[in-house]
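All remarks here apply to the structure that follows.
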Number of protein chains: 2
Amino acid sequence: MIQFKRYFDFDLNDDAQKKMMNAFGSLVYEKEKGVSGYYNLPYDSVNLLKEIKNYMLNEDGVYESAKNIVVIGIGGSSLGTKAINSMLKHKYKNIKNLIFLENPDPVTIFENLSEIKKENSIFAVVSKSGGTVETISIFKTVLSFFDMDLSQDRKRVIVISDEGSPLCKFADSYNIKAFTIPDNVGGRFSVLSAVGVVPLALSGYKVEDMLNGAKEFMENFFDTKEEHIALKAFFQVENYKKYPMNILFSYADCLEDFTKWFVQLWAESLGKIDKNANNVGLTPIGHIGSVDQHSFLQLIMQGPKDKTVTFIKIKNFEQDIKIPDIELKNLTKSDYTAGYSFNDLINAECDATKESMTAQKIPVDMIILDKINESNIGALIMYFELLTSYAGALFDINTYDQPGVEFGKKILIKKLRRKR
Amino acid sequence: MIQFKRYFDFDLNDDAQKKMMNAFGSLVYEKEKGVSGYYNLPYDSVNLLKEIKNYMLNEDGVYESAKNIVVIGIGGSSLGTKAINSMLKHKYKNIKNLIFLENPDPVTIFENLSEIKKENSIFAVVSKSGGTVETISIFKTVLSFFDMDLSQDRKRVIVISDEGSPLCKFADSYNIKAFTIPDNVGGRFSVLSAVGVVPLALSGYKVEDMLNGAKEFMENFFDTKEEHIALKAFFQVENYKKYPMNILFSYADCLEDFTKWFVQLWAESLGKIDKNANNVGLTPIGHIGSVDQHSFLQLIMQGPKDKTVTFIKIKNFEQDIKIPDIELKNLTKSDYTAGYSFNDLINAECDATKESMTAQKIPVDMIILDKINESNIGALIMYFELLTSYAGALFDINTYDQPGVEFGKKILIKKLRRKR
């Protein structure tokens, strides 16, 4: 169960109501016309689960003996999977280890490869376009590092990509199993497609619960039972010049990678040139409480009032520790925490920080998960995706492309070709 | 060796020159009058090294048999140490493991404690004020978890705090070794004090080289040989409304914790109410390349032009991997990377991204380290500290306090006291 609370008010005149209605209409249209395919993933990805089971059964014990699922991918091909793994892994003892090879940093690549044995690993190469230069270069390094022979080792390689992409064609050529991504699902909206579903299911998570959580939340939204989304998106877009930054302040360490997933979703989707040639967008910033109260809070409280803040709080942590009721000489001033647990403390800090911000009239909202589980995570993902689509519709931009990154790619290719 | 490059120009009229000169004068004053003590740390902390050696020798083999140095601290008490450890640890095989207990998150605390044995650990409790509630609560948990008896185990506990603080008095009561922080050195400027020096030296890093690197850089600055600092600080402060955000885009995974250290330094120091009751400040945001090109770059390129970007690049990574010259069927489009290494690739990506931004007239500068080592890290830390002080002087604010976080602390104490 997830609760959504808003601690600021604003006027909703007729014009605002109309804008919100129109945006809702856009989302209905996007869903029905397949402008973006992410709306269908909670239904369609259920079929993937059978395909994954077949792979598990058919590969001569490769799956059974695997301890590691190594995801080779970057950006939308890894952020969502990583976020979900980071949220869930402390709940399970017998899952297969997910390892991510993302950044083309030689030190990290070498460290990661040194910890893996080919014999107990499955390598999932994930790239929507099928040609991401970092991913293909790292995949080649994996082949070379483990002296892999694709005729023999093809069963421990899988590919996740758009149908007909270079990567899928490569898979075909070597008789490697390929899982496909619907081509109307963009990278940052793809976590509930094969991109996330395959590695997470192979690892052992309850992916079906996650899809159901997402489905239920989405259906409620289209049944107009989640109106808070419209209100929040409207406030953000209407005030994007006054409040250009949105802080996602999550009070649990396991949510750090989730804030990174959100940063990509919000930044890449909304940072666009609109139809009137304006540069629009909102800047997402991820922080973790309470640790970043000791780092970023001063700026929010006394710096320019240019930020909105969304808190995420987990009511019941999977594990709790009571703060010991020990009296230490000269340290009795902190004894007011005695009798409480760390679960109590971190949530009380979240509430106190929220109150200190509302007292400063900073627009704040809060998302409260009763606990971390697959179903809540599915709902949370769908919430942020719908919020993003809603904001994109209000900006009247293309939420699903990213034309601004192409220029740098071209310069890179030129640079490397020229040098050779 | 570190190079500093700026890829944008601006006018420097007489008024600007005067402001810059005044700010420089403020820093000279701060240093000479001890307004902040961080300017003296490269000299004073050398004495700490002897004190640390004494501790190592005198504690009946506790140090020798230790495998872990467990830092219990949050914010300024951990971020700097963690940043340096993350940058350096891949260079060494025989150092003692630094473990950080920071956030009051029960899941993380339990996971960390489960991996530690008391018998091979030294616990460093770090708190400038000596009463940080998260730190004291976690310290009590450590005592209880390992069933520690302070009369017996006092040798494996050390304390790092202000002289005369509750924590130092506690240490006195139990005959525990205390290292002190000069009271004119604030938490976020304290990494070159006992806060960072003690755990890093105990772990086995070349702290003296780091102090020397910082000293040399600072002396050059006060000899007016690092004028780029004045120019950058001036541009940032003068344009803080036009460019409210500064992205630190670091092209190496090992720099991620360093970007977090920078975020605290910049956010807490500059986010202030100035003398005319204006809310001033600049919002720091950390990103890692090339991975965040796939996440945040679109927003920088096509979103509102409200960001400046500082790149950090490492010329020579400690370890490199050649991208294998393998031809894979249907994947030949990425073969332009063949012959290059990942060190080449990641740096070419940094350059290409920089060029794509300058083409959009985004104010960009770049910091180039020839390699990662203690001396360069010392210089880099001092660079960002001086830049922050310079910007603070130009804003005409108190760079070294953080009054905005007190309100939330008071609410927390009220909340917990009320509930009991």
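Could you tell me which numbered condition A:G408 fails, if it satisfies all but one of (1) more than 30 Å from B:L345 (Cβ to Cβ); (2) more than 21 Å from the chain's Cα centre (by Cα)?
(1)
Of all residues in segment B:333-350, how many are touching a residue at least 60 places away in the same chain (Cβ under 8 Å) and facing chain A (nearest Cβ under 7 Å)?
The total comes to 2.
Which pairs have Cβ atoms under 6 Å, sit 6 or more apart or on different chains, and link a residue in segment B:45-66 that is surrounded by 12 or more Cβ atoms within 10 Å (Cβ to Cβ) to one that is of a type in the set (G, A, S)?
Going by the 6 Å Cβ cut-off, the qualifying pairs are B:L48/B:A194; B:I52/B:A201.
Of the residues that make up segment B:268-282, is at least one more than 8 Å from every other protein chain (Cβ to nearest Cβ), part of a helix (DSSP H, G or I), in contact with a helix residue (DSSP H, G or I) (Cβ under 9 Å, 6 or more places away or on another chain) and among the small types (G, A, S)?
yes
Please find, among A:I326, A:I377, the residue that is out of contact with any Pro (no Cβ under 9 Å at 6 or more places or on another chain) and either charged (D, E, K, R) or more than 30 Å from A:Y29 (Cβ to Cβ) (or both).
Details: A:I377 fails: either charged (D, E, K, R) or more than 30 Å from A:Y29 (Cβ to Cβ) (or both).
Just one listed residue meets the conditions, A:I326.
Just a yes or no: is a residue in segment B:345-368 charged (D, E, K, R) and under 30 Å from B:Y29 (Cβ atoms)?
Taking segment B:345-368 first, the residues charged (D, E, K, R) are B:349, B:351, B:354-355, B:361, B:365.
When the remaining residues are screened for being under 30 Å from B:Y29 (Cβ atoms), the result is B:365.
Yes: segment B:345-368 contains one or more residues that are charged (D, E, K, R) and under 30 Å from B:Y29 (Cβ atoms).
Give me the pairs: first residue in segment A:408-419 and facing chain B (nearest Cβ under 7 Å), second residue among the polar types (S, T, N, Q), beta-carbon distance under 7 Å, and six or more apart or on different chains, which are they?
These pairs meet every condition: A:G408/B:Q293; A:G408/B:T353; A:G408/B:S356; A:I411/B:S356; A:L416/B:T337.
Residue-wise test of (1) over 30 Å from B:S161 (Cβ atoms); (2) not assigned by TED's automatic domain parsing to the domain that holds B:N316.
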position	(1), (2)
B:V198	no, yes
B:D223	yes, no
B:F234	yes, no
B:E238	yes, no
B:C254	no, no
B:G289	yes, no
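Return yes when B:P42 is in contact with a helix residue (DSSP H, G or I) (Cβ under 6 Å, 6 or more places away or on another chain), within 13 Å of chain A (Cβ to nearest Cβ) and more than 23 Å from B:F170 (Cα to Cα) and no when it is not.
no
Go through segment B:1-58 and give me each residue that's among the hydroxyl-bearing types (S, T, Y), under 18 Å from B:E227 (Cα atoms) and not in a helix (DSSP H, G or I).
B:Y7
If B:V107 passes every condition in (1) surrounded by fewer than 16 Cβ atoms within 10 Å (Cβ to Cβ); (2) modelled with pLDDT of 95 or more but one, which one does it miss?
(1)
Go through segment B:77-104 and give me each residue that's among the aliphatic types (A, V, I, L, M) and under 17 Å from the mean Cα position of the chain (by Cα).
Of everything in segment B:77-104, those that are among the aliphatic types (A, V, I, L, M) and under 17 Å from the mean Cα position of the chain (by Cα) turn out to be B:L79, B:A83, B:I84, B:M87, B:L88, B:L98, B:I99, B:L101.
Is one or more of the residues making up segment A:297-312 touching a Pro at 6+ places or on another chain (Cβ under 7 Å), touching a residue at least 60 places away in the same chain (Cβ under 8 Å), of a type in the set (D, E) and on the phi < 0 side of the Ramachandran plot?
The answer is yes, given that some residue of segment A:297-312 is touching a Pro at 6+ places or on another chain (Cβ under 7 Å), touching a residue at least 60 places away in the same chain (Cβ under 8 Å), of a type in the set (D, E) and on the phi < 0 side of the Ramachandran plot.
Take the conditions closer than 24 Å to A:G130 by Cα and surrounded by fewer than 23 Cβ atoms within 10 Å (Cβ to Cβ) and apply them to A:I273. Does it pass?
no
Evaluate the following for B:P324: is it surrounded by fewer than 23 Cβ atoms within 10 Å (Cβ to Cβ) and touching a strand residue (DSSP E or B) at 6+ places or on another chain (Cβ under 8 Å)?
The answer is no for B:P324.
Taking the criterion of being more than 8 Å from every other protein chain (Cβ to nearest Cβ) and under 30 Å from B:D172 (Cβ atoms), would at least one residue in segment A:389-406 satisfy it?
no
Quick check: is even one residue across segment A:341-362 closer than 19 Å to A:F249 by Cα, among the aromatic types (F, W, Y) and outside any helix (DSSP H, G or I)? Quick ask: steps written out before the conclusion?
Of segment A:341-362, the ones closer than 19 Å to A:F249 by Cα are A:342-362.
This time we only want the ones that are among the aromatic types (F, W, Y), so: A:342.
After this cut, where a residue has to be outside any helix (DSSP H, G or I) as well, the list is none.
Taking every residue of segment A:341-362 in turn, none turns out to be closer than 19 Å to A:F249 by Cα, among the aromatic types (F, W, Y) and outside any helix (DSSP H, G or I).
How many residues are more than 19 Å from the chain's Cα centre (by Cα), more than 7 Å from chain A (Cβ to nearest Cβ) and in a loop (DSSP other than H, G, I, E, B) when one looks only at segment B:283-331?
Taking segment B:283-331 first, the residues more than 19 Å from the chain's Cα centre (by Cα) are B:290-308, B:315-331.
From what's left, more than 7 Å from chain A (Cβ to nearest Cβ): B:292, B:300, B:307-308, B:315-316, B:322, B:325, B:327.
The next check asks that each one be in a loop (DSSP other than H, G, I, E, B); those that pass are B:315-316, B:325, B:327.
Adding up the residues that qualify gives 4.
Considering segment B:158-200 alone, what residues qualify as being within 14 Å of chain A (Cβ to nearest Cβ) and among the charged types (D, E, K, R)?
If we filter segment B:158-200 for residues that are within 14 Å of chain A (Cβ to nearest Cβ), which is where we start, we get B:159, B:161-176, B:178, B:186-191, B:195.
Residues satisfying the conditions are B:D162, B:E163, B:K169, B:D172, B:R188.
On the given criteria, is A:D257 at pLDDT 95 or above, over 19 Å from B:S78 (Cβ atoms) and assigned to a helix (DSSP H, G or I)?
yes
Give just the number: which of (1) away from chain B (no Cβ under 12 Å); (2) not in a helix (DSSP H, G or I) does A:K241 not satisfy?
Status for A:K241: all satisfied but (1).
The values are calculated or read from the model by the stated rules, or taken from the named source; none is laboratory data. Being a predicted model, the structure only gives us computed values, none of them experimental. Positions of Cβ are generated from backbone atoms using ideal geometry, with glycine treated the same way; all protein chains shown enter the neighbour counts.
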